[in-house]
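The values are calculated or read from the model by the stated rules, or taken from the named source; none is laboratory data. It should be emphasised that the depicted structure is a prediction, and the values quoted were computed from it without experimental measurement. A quick note on method: Cβ atoms are made from the backbone with ideal geometry, for glycine too, and the neighbour counts reach across all protein chains shown. Areas reflect the complete protein model, heavy atoms only, side chains present, ligands, DNA and RNA absent. Shrake-Rupley method; radii C 1.70, N 1.55, O 1.52, S 1.80 Å.
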Amino acid sequence: MPTVSVVIATYNRAALLRATLDRLREQDYLPGDEVIVVDNGSTDATGAVIAQAAATFPVPLVGLVESTPGKSWALNAAIAKAQGAILALTDDDVLVASDWIATIRKIFTESPVALVGGRVDPNWERPAPAWLRFEENGQYGPMSSPLALLHYGETQELGTRTAVGANMAIRASVLASLGGFAPHLGRRRGTLLSGEDHDLCQRAVASGLRCEYRPEVRVRHWVPAGRASFRYYWRWFFWSGITQAQMSERLDVRHFWGRLLRGPMMALRCLVAGRRADAANRSFDVAFAAGYLAARIRTARVPRRDALTGTTAASGAIPESGRVAATLLKGPGRS
């Protein structure tokens, strides 16, 4: 049976992390399993929570510190230290199912699958607002993305879809061959930049590896009231547009200008017709287009030398470090 390394990146969520570790304590472990928690520069009681949990944990609980801000940096630090054949990724605000590790181990034992993404259900602080329609035909639709929720239905290959870091497992050898998570993507302080999970999944699929969605691998993701708000959603989609600009080849900006200019009127029409969810969706489409265009405009105005690597980017390219988006594009509602 393959050994499993659970990997968690954390930043200033001591109370939520404690609940996450308490749930992980109850898993069905085997010799050689471990849990690795990477503190990405927390200033709260995160260090103490990790130390207290490690003292009585049923398998080694390894605490690391990664001083470079950014989730991808923290994950890569953990991956470099992990000993398990399977890396099981979750977040510091997640409650895994009681059979989470056992189910992951069974899937990778019985199948040649390289990467698995599981179901992520909400753990609401308060009920979702009326305009938030995230479930469609028994699956989670696009409006679930800002909350990192995921349910694609029955077992299926990922294809162009993605798994999320709140509930993902991958063979360690595969992740090593793919080079880990892209450090210019992923959440960093002051931004809602994302894309590291999608980038990894698409590189795995492009390499010809079998990647699947498996609904029996289940977790619940904390949704604080502030995230189930119109303001947070607008900011998230704005940053999603920036992420798209980071990840993709240059697309026709006329398409995004059209979405930006037509969107407000379409949202207003939906609102007048009493279709609040549709009006919200149209507004978020405007936010996405605005973020994409902002990233492209800013990129055209900054020097081409990459702030992280010191290399010079090709003409018209976005610097790989992502410093353009992270430092120059705060978007509406700075955090």
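Computed over the chain with a Gaussian network model linking Cα atoms closer than 10 Å, the most mobile of Thr46, Thr90, Thr155 is Thr155. Farthest towards the positive end of the charge dipole of the chain, among the residues Val37, Pro183, Val4, is the Cα of Pro183, using unit charges on the Cβ of Lys, Arg, Asp and Glu.
Rounded to two decimals, the Cα radius of gyration of the range 48-197 over 2.2 N^0.38 Å is 1.11. Overall, the accessible surface of the chain at a probe of 1.4 angstrom is composed of carbon and sulfur to the extent of 54 percent. Model label sites at Glu136 and Glu154, defined 7 Å from Cα along the beta-carbon direction, differ in position by 2.1 nm. Among the protein heavy atoms, those of His151 account for about 20 Å² of accessible surface (1.4 Å probe, every chain in place).
Note on the chain: with charges restricted to the Cβ of Lys and Arg (+1) and Asp and Glu (-1), its dipole about the Cα centre is near 1580 debye. Rounded to the nearest 500, the helix-only mean residue ellipticity at 222 nm of the chain stands at -12000 deg cm²/dmol, with each DSSP H run of n ≥ 4 adding -39,500 (n - 2.57). Simple point charges give the picture: +1 on the Cβ of Lys and Arg, -1 on the Cβ of Asp and Glu, and for the range 1-122 a dipole about the Cα centre of about 120 debye.
Summed over the residues of the chain and divided among them, the accessible surface reaches 44 Å² per residue at a probe radius of 1.4 Å. With both partners inside the chain, how many of the DSSP beta bridges are antiparallel, as a percent to the nearest 5? In the chain, DSSP labels about 35 percent of beta bridges as antiparallel.
GNM remark for the chain: springs join alpha carbons under 10 Å apart, and the peak mean-square fluctuation among Ala48, Ala287, Ala204 falls on Ala48.
Compute the Rg to Rh ratio over the chain from the alpha carbon atoms, using the Kirkwood formula for Rh, and round to two decimal places. Ratio of gyration radius to Kirkwood radius: 0.97. Principal axis extents of the Cα atoms in the range 114-174, from largest to smallest and rounded to whole angstrom, are 44, 23, 15. Of the residues Met143, Trp100, Gln27, the one whose Cα sits farthest toward the positive end of the charge dipole of the chain, with +1 on the Cβ of Lys and Arg and -1 on the Cβ of Asp and Glu, is Met143.
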